[in-house]
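Heads up: the structure comes next, in structure tokens.
The values are calculated or read from the model by the stated rules, or taken from the named source; none is laboratory data. Note that the structure is a prediction, hence the values are computed from the model and not measured. Here Cβ is always computed from backbone atoms with ideal geometry, including for glycine, and neighbour counts include all displayed protein chains.
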Amino acid sequence: MRRARIATLCGLLLAVTQAVARADDLVILSAAAVRPALIQLPAMFEKANGQRVAVSFGNATAVNAKVVDGERVDIVILPPQQLAALIDHGHLTADGRADLGVVRLGVAIRAGVTAPPLGTPDDFKQAMLAAPSFGMPDPSDGSTSSQHLVKILAQLGIADAMRPKIRHFKDGTQALNALANGEIALTIAPMTSIRVVADVTLAGPLPDTLQSTTVYAAALARKSAQSAPAKALLAMLAAPAFAAVLRERGIDPAK
């Protein structure tokens, strides 16, 4: 039953990720960290505006590369620094840009397992050392959370001790599913992603001094063939009603 629930969730997320856009669809390319908050967006926008929306997800590096390569897109969701670079190079426009909010990293454990203390850097260090196994996306594939974790392990002086325990996965979703299946004992992921995987529990956020907070925003593609409905969607993303959806899914307002 548990594996069936996980498989069902994976199938739904994969369907969103690999959705084939029709010619008249609005196309969104988005960083995967905000995926749980955007699952409802296509249905919400189509109900309000009668316009279909196709959303594809990937890590920020992959999304950026697709935009630079000229893949068809109307709206791009990335951290502001990457959006700014794409605007400077003429791929996007700042017109109507919408700030979604802040995503934080958390420690995930299997449901039913006692959560370790995580309030201080030393607590986090001891939790990592006590874990028999740990999973994360391969940092070389552009995962922001994994690249941050590599820095943390070095900062805490436990990189060598952790190396034999680490198992790399294609992405954060695979790592969380492996955790749910009991293949690994811990993983670190955006808190947004941890909340939606069956049989996985958020043990807690990373301590403040080790935390990585990533702001995400949405911008209009300069070559969008449907700029009017795209701007309407950007307005929906920036509206208070959708901010409530974002908060419910673990995305806090950007300060």
Worksheet item: If we scan region 55-65, do we find a residue that is in contact (Cβ under 8 Å) with a residue 24 or more places away in the chain, surrounded by fewer than 16 Cβ atoms within 10 Å (Cβ to Cβ) and either over 29 Å from Leu210 (Cβ atoms) or not β-branched (Val, Ile, Thr) (or both)?
Response: no
Discussion item. When you check Pro164 against the structure, is it closer than 20 Å to Phe134 by Cβ and free of Cβ contacts under 8 Å to residues at least 12 places away in the same chain, yes or no?
Written reply: yes
Worksheet item: Checking Gly96 against (1) at pLDDT below 95; (2) part of a helix (DSSP H, G or I); (3) crowded, with 18+ Cβ neighbours inside 10 Å; (4) not hydrophobic (A, V, I, L, M, F, W, C), which test does it fail?
Response: (2)
Practice prompt. Could you tell me which of the residues Thr114, Thr120, Thr144, Thr93 is among the β-branched types (Val, Ile, Thr), farther than 17 Å from Arg163 by Cβ and not assigned by TED's automatic domain parsing to the domain that holds Leu202?
Written response: Thr93
Worksheet entry | Single residue of Ala198, Ala243, Ala154, Ala178 found to be over 19 Å from Arg35 (Cβ atoms) and outside any strand (DSSP E or B) | Ala154
Practice prompt. With the condition kept exactly as written, say whether any residue in region 211-228 is among the charged types (D, E, K, R), buried (at least 17 other Cβ atoms within 10 Å of the Cβ) and in contact (Cβ under 8 Å) with a residue 60 or more places away in the chain.
Written response: no
Practice prompt. Among the candidates Gly106, Gly135, Gly112, single out the residue that is over 22 Å from the mean Cα position of the chain (by Cα) and either under 18 Å from Arg35 (Cα atoms) or outside any helix (DSSP H, G or I) (or both).
Written response: Gly112
